[in-house]
């Protein structure tokens, strides 16, 4: 059975191709349009997935959309009308969007992809797409399943049970009670772009203390059965997608930050960091309560975690440390893009497809790098030796090779690398591609077999550590070899590289260790600020020219500055 999954119209549109239950290809639309987290219909991504498998649209057994448009419109209409007259300004805008072609998704899919049979177009519940992405990609044959997201149709979070091919929802938290939307609203209050810059809140929180926790506990209250409720007077997100917080929040926390002003996270003025730390604390507290309730309902030591908040590495660390589960899995792409894959997986099993356990532990689901050398390319006989020499000389290097990664971060195929030993190494590497926000953390790549020397590794987190999805306490040895990569709370962001899954990267790290005594490299995603990860050689070369990187190595070719 060949199924194409799609997600669109709410951040990070994507397509994913499933053949007999196995993911063959998956890619985000923004890799082609160059608009970060592009939400438009993923026509280019869909064509790329089909091309990877040498398939035509007519070869598909079905196309799956990751949510149910009619049910989502029901929620939008009900909340808009319920908020009138406050929603008067946003009502016409929302109705124009929905009554255009958003409701008629079968027709849109058939027209865009030239798919002839609308009866073979399927729709899944939004949160079940997230849950399927988490559970069916995991190594577990049975598991508790949790999603925490912003919004889909009505559900914003679900508790579910996975067993064999079955994925059974147990309970849900319904709109407008949403941890994901609270995160977006607070991000906007702190002058960040909601959705696109929510991750900066987690980074900012490490510089503050939860001075406003009591306020946030009243804002997001615990309710029966481990659930939660959000005090709506503080927010407008239920009816206004552009201005998410109300004046009541401003009265409680003070004036909102203007986006051009500096973030406040220093000892002299930590106000923004304290708000972010308080938000992080309440998210962790309410999530742990959901985990306790889920474990009470599902007698499994395994947890599969999906949805937007599964990208929060500090939250994942807290679940591992204090939650009731022994093992935890988060898919490589747990947010909206990954829901395209989850939708296809859900329908595959719903239609009686064979159970397949492939344990997705990497994100290499995009097209291989196309060979299109630019002017000035220098052929290399031994790219690894040149790369090592550049890094040991203090160079900041971009390394591009192999298949494109699916998700928000490079795992080693579209990477920025640098020697971590200098005190200013982190900031210098980020500044090369305009990622100059001082609070941003950076990953440390290391061979899996040496990681315990530098990090206090949690048990039950193999996949999270392999895919860089959790913060862990740094050991003393790390301070001597990578001081700039240690966060203010004493944690670090490791990525464990295994020889069997990425022998080239593992070999490079081993060689670095032989030269320096510590097999560690700073590792960031190769993409300019405000732009998605580079896809092809032309993208990489263009980003290199606009950066201050010392060199770019693409497969066996090197570009240097003249």
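Counting only the backbone N, which residues of region 176-208 are under 19 Å from the spot 7 Å out from the Cα of residue 260 toward its beta-carbon?
188-194
Can you compute the FRET efficiency between residue 374 and residue 111 using 1/(1 + (r/R0)^6), with r the Cβ-Cβ distance and R0 = 41 Å? Round to the nearest 0.05.
0.65
Hey, could you pull the Cα Rg and Dmax for region 174-329, both in Å?
Final numbers for Rg and Dmax: 15.6, 49 Å.
So if R0 is 30 Å, what FRET efficiency would residue 459 and residue 359 give, r being the distance between their Cβ atoms, rounded to the nearest 0.05?
It comes to 0.95.
Any idea how far apart residue 477 and residue 560 come out in nm if each label point goes 7 Å out from Cα toward Cβ?
Spacing of the two 7 Å Cα→Cβ label points: 3.4 nm.
Which distance in Å, rounded to a whole number, links the C-alpha centroids of region 410-475 and region 174-205?
Rounded to whole Å, the Cα centres lie 24 Å apart.
Full-extension gain between residue 440 and residue 538, please, as 0.36 nm times their residue separation minus the C-alpha to C-alpha distance.
Gain on stretching residue 440 to residue 538: 32.6 nm.
What share of all Cα pairs of the chain, in percent, falls into each consecutive 20 Å distance bin?
Answer for the chain: a P(r) of 22, 57, 21, 0 percent.
Which of the three applies to region 1-101, rounded, prolate or oblate, going by the alpha-carbon gyration tensor with a ≥ b ≥ c and a/c under 1.5 meaning rounded?
prolate
I need to check one value: relative contact order of region 366-560, counting alpha carbon pairs closer than 8 Å and at least 6 residues apart, in percent.
34 percent
If all Cα-Cα distances of region 64-189 are sorted into 5 Å bins from 0 onward, what percent lands in each bin, rounded to whole numbers?
P(r) over region 64-189, rounded to whole percents: 2, 10, 15, 17, 18, 16, 12, 7, 2, 1, 0.
Per DSSP H run of at least 4 residues, take -39500 (n - 2.57); add these up for the chain, divide by its residues and hand me the 222 nm value, nearest 500 deg cm²/dmol.
-10500 deg cm²/dmol
Starting with the fewest neighbours, write out 502, 101 ranked by other beta-carbon atoms found within 10 Å of each beta-carbon.
Listed from fewest to most nearby Cβ atoms, that is 101, 502.
Please report the relative contact order for the chain, taking Cα pairs under 8 Å with a sequence separation of at least 6, and give it as a percent rounded to a whole number.
16 percent
Just check region 121-160 against the gyration tensor rule for me: Cα atoms, a ≥ b ≥ c as the square roots of the eigenvalues, rounded for a/c under 1.5, and otherwise prolate or oblate depending on whether a/b exceeds b/c.
oblate
From the Cα gyration tensor of region 278-352, with a ≥ b ≥ c the square roots of its eigenvalues, which class applies: rounded if a/c is under 1.5, or else prolate if a/b is larger than b/c, or else oblate?
Cα axes put region 278-352 in the oblate bin.
Would you work out the Kirkwood radius for region 429-562? I mean one over the mean of 1/r across all pairs of different Cα atoms, in Å.
16.0 Å
Taking the Cβ of each residue in 348, 243 as the centre, tally the other Cβ atoms inside 10 Å and list the residues starting with the fewest.
By the 10 Å Cβ count, ascending, the order reads 243, 348.
Taking neighbour Cβ counts within 10 Å as the exposure measure, how do 217, 354, 67 sort from fewest upward?
354, 217, 67
On full extension of the chain, what length is gained from residue 165 through residue 385, given 0.36 nm per residue of separation minus the C-alpha to C-alpha distance?
Stretched out fully, the residue 165 to residue 385 stretch lengthens by 74.5 nm.
How high is the relative contact order of region 174-329, in percent, counting Cα pairs under 8 Å that sit 6 or more residues apart?
In percent, rounded to a whole number, it is 28.
Every read-out reported here was derived from the displayed coordinates using simple, explicitly stated rules and does not represent laboratory data. Every value quoted in this text rests on a predicted model; they were computed, and no experiment measured them. All Cβ positions, even for glycine, are placed from backbone atoms using ideal geometry, and neighbour counts span all protein chains on display.
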